[in-house]
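Undergrad: One structure follows; several queries about it will come next.
Only the coordinates and a few stated rules stand behind these numbers; no lab work does. Bear in mind that the values here come from a model prediction, so they are computed numbers and not experimental data. So basically every Cβ, Gly included, is an ideal-geometry build from the backbone, and we count neighbours across all protein chains shown.
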Amino acid sequence: MCDLLQVTKEMMNERYLGLPVHVGQSNMKTFAYLKDRIWKRMQGWNEKFLSWAGKEILIKAVAQAIPTFAMGCFDLSKSLCDQIGAMICRFWWNHQEGKHKIHWLSKEQMFKPKEGGLGFRDIHLFNLAMLAKQVWRLWQQPDSLCSRVLKAKYFPHTSILEAKPKTGMSYTWRSILGGLDVVKKGMIWRVGDGTGLNIWSDPWIPREFSRRP
């Protein structure tokens, strides 16, 4: 290909547009740069001049927003998301007057909505939600270039809802399949004229645990 296009030199970059070009066997090492970016950003905030409200704004608007772009394409793994969440919790409770850094609320309680928690984002669940959004986009826009390429490679004879894991699939597609599981748990078919609906396998009968169509 290089000879045909008369390319004399090829640059191999570690990341392209802020995302890793190659995902190795260790996801922790591949996405460790996100954790380092969050840590360096939080180290630059002087806690002595931050109120609790200021800390909350910085965490929600900056720290939790840094991995959002990567989470829309890759599954960062639950262990890495838990480490990022633990860093955020330590920064929140590390007030200048408290030497022992006591955590007065559990991490699970902090990630609850403000009615009973602090409204911080659960990084792992948000990661799955971003991947589910990609699945929904592929389902709603089947004529887009991305949808056609993925369909030709991974599910040529079915829809994305029936897509299955394949040998040698990319890490990006494996991540999207994780979002597919989330979509399947939360969707129910509206029957309409029945086109594309399998009455034996697709969820179309409303039940207590199913969501609205």
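Undergrad: Using θ = phi - 60° and the Karplus relation 6.51 cos²θ - 1.76 cosθ + 1.60, list the HN-Hα couplings for the stretch 20-33 in order, rounded to whole Hz, with x at every Gly or Pro.
TA: Listing the rounded values in order: x, 6, 10, 9, x, 5, 9, 5, 4, 6, 5, 9, 5, 5 Hz.
Undergrad: With the dipole of the chain worked out from charges on the C-beta (+1 for Lys and Arg, -1 for Asp and Glu) around the Cα centre, which of 188, 71, 152 lies farthest toward the positive end?
TA: 71
Undergrad: Oh, and also: Just order 177-184, 195-202, 34-41 by mean Cβ neighbour count inside 10 Å, highest at the front, would you?
TA: Working: 177-184: 17.5, 195-202: 10.1, 34-41: 15.4.
The packing order, highest mean first, is 177-184, 34-41, 195-202.
Undergrad: Then there is this: Can you tell me the Rg and Dmax of the chain, counting just the alpha carbons, in angstroms?
TA: Considering the chain through its Cα atoms, Rg and Dmax are 21.5, 66 Å.
Undergrad: Output wanted: per-residue J couplings in Hz (rounded whole) for the stretch 166-176, from phi through Karplus 6.51 cos²θ - 1.76 cosθ + 1.60, θ = phi - 60°, x for Gly and Pro.
TA: 10, 5, x, 6, 6, 5, 5, 5, 4, 5, 5
Undergrad: To continue, here is another question. Would you kindly give the portion of the calculated P(r) for the stretch 106-213 that falls above 18 Å, as a percent of all Cα pairs?
TA: 60
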